[in-house]
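**Student:** Sharing a structure below in structure tokens format, with a few things to ask.
Since every read-out is calculated from the coordinates, none of them should be taken as a lab result. These numbers come from a predicted model, not from an experiment. Glycine also receives a Cβ, built like all others from the backbone with ideal geometry; neighbour counts cover every protein chain displayed.
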Amino acid sequence: MIKTVFFTAISLIFFYIIWINNFFAHKEKYEMPAQYARIAEDVKSYAREGKQLFEQNCQACHSVRYDSVYISAVQANPKLKTLQEKYGKVLPKDVYEGVFNEDLMALKESFGKVPPDLSTIYLVKGKEYLFNFTLEPQKVLPGTSMPAVMTGRPEETAKIVAYLKSVSEPTPEEKSKRVLMGIGTIAYLVVMGILIWLWKGKILKRMGLH
């Protein structure tokens, strides 16, 4: 029983570090004025406008596949509609990269690499980094091929961050499913650990070792 509790605790700590607070990872701190931080956090008020700004200023190079927003060249490709009828609005990654490889490689020739899809970038980098990098890319990452299209436009940049935040957040229904799945997984591990411990004791008893 002690072993079961111990391994369950270790599993919980592991998932906490990986998914919630990886205190081993180095984290840069970036400043963000309070008025723009409020905009970036206010998904309900600014995500819609942020999406429009993203499409106007960022979509030439970046996609947000989870929101079925693809780079401009792909968006204009007639193959996209056919594929979406088959796979749904959010194309599987392998399908997207395979069918539109030529468009993606054209970006690679221009920038040295394919600009990343930004579906989960908010979860990875956070609002402060995204705000500063989008506003002044060379200041945050000297030598980057990211063009400074939003320099001098902090409020609009914050709205784009709000949009990226909205994409990274699952719907309330999906959140509930994930919580239930997590609880179910932990409960399964605990129950199976207890059953294995009891079965082990039974086997040892039969062998006269318990």
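**Student:** Report the residue, chosen from VAL167, VAL190, VAL140, that carries the largest GNM mean-square fluctuation when the chain is represented by alpha-carbon nodes joined by springs under 10 Å.
**Tutor:** The residue with the greatest mean-square fluctuation here is VAL190.
**Student:** While we're on this one: 7 Å from Cα along Cα→Cβ at both GLU136 and LEU189: what's the point-to-point distance in nm?
**Tutor:** Each label point lies 7 Å from its Cα, and together they span 4.4 nm.
**Student:** Go through VAL167, ALA106, TYR46 and say which Cα lies farthest out towards the positive end of the charge dipole of the chain; charges sit on Cβ, +1 for Lys and Arg, -1 for Asp and Glu.
**Tutor:** Ranked along the dipole, the leading option is VAL167.
**Student:** Under the 0.36 nm per residue contour assumption, what length would be gained going from the current alpha-carbon distance of ASN101 and SER72 to full extension?
**Tutor:** So the chain would gain 9.1 nm between ASN101 and SER72.
**Student:** Show which aspartates and glutamates lie in cross-link reach of LYS79 when reach means a straight Cα distance below 16 angstrom and same-chain residues fewer than eight apart are skipped.
**Tutor:** ASP94, GLU97, GLU102, ASP103
**Student:** Say we join alpha carbon atoms closer than 10 Å with springs in a Gaussian network model of the chain; which of GLU49, GLU41, GLU28 then has the biggest fluctuation?
**Tutor:** Among GLU49, GLU41, GLU28, the largest GNM mean-square fluctuation belongs to GLU28.
**Student:** I need the calculated FRET efficiency for the pair SER145 and GLU49, taking r as the beta carbon distance and R₀ as 25 Å, to the nearest 0.05.
**Tutor:** FRET efficiency, SER145 to GLU49: 0.40.
**Student:** Test of understanding: in a Gaussian network model of the chain with alpha carbons linked when under 10 Å, which of SER11, SER145, SER63 would top the mean-square fluctuation ranking?
**Tutor:** SER11
**Student:** I'd like the orientation of helix 43-57 relative to the chain: the angle between its Cα long axis and the longest Cα principal axis, in ° from 0 to 90, rounded to 10.
**Tutor:** 50 degrees
**Student:** While we're on this one: Given only helices, namely DSSP H runs of n ≥ 4 each adding -39500 (n - 2.57), what is the per-residue ellipticity at 222 nm of the chain, to the nearest 500 deg cm²/dmol?
**Tutor:** Estimated from H runs of four or more residues: -21000 deg cm²/dmol.
**Student:** Long-range amide H contacts for VAL69: which residues qualify at under 5 Å (H placed 1.01 Å from N, peptide plane, sequence gap of 5 or more or a different chain)?
**Tutor:** Answer set, sorted by chain and number: VAL64.
**Student:** What lysines does LYS139 reach when the alpha-carbon gap must be under 27 Å and sequence neighbours fewer than 8 apart in one chain are set aside?
**Tutor:** Once the sequence-local lysines are set aside, what remains near LYS139 is LYS27, LYS29, LYS51, LYS108, LYS113, LYS125, LYS127, LYS159, LYS165.
**Student:** Follow-up question, since we're still on this one. Run the Debye formula on the Cα coordinates of the chain, all scatterers equal and no solvent, and tell me log10 I(q)/I(0) at q = 0.07, 0.18 1/Å.
**Tutor:** Listed by q, the Debye log ratios stand at -0.34, -1.31.
**Student:** Using the alpha-carbon atoms, what tilt in degrees (0 to 90, nearest 10) does helix 154-168 show relative to the longest principal axis of the chain?
**Tutor:** 40 degrees
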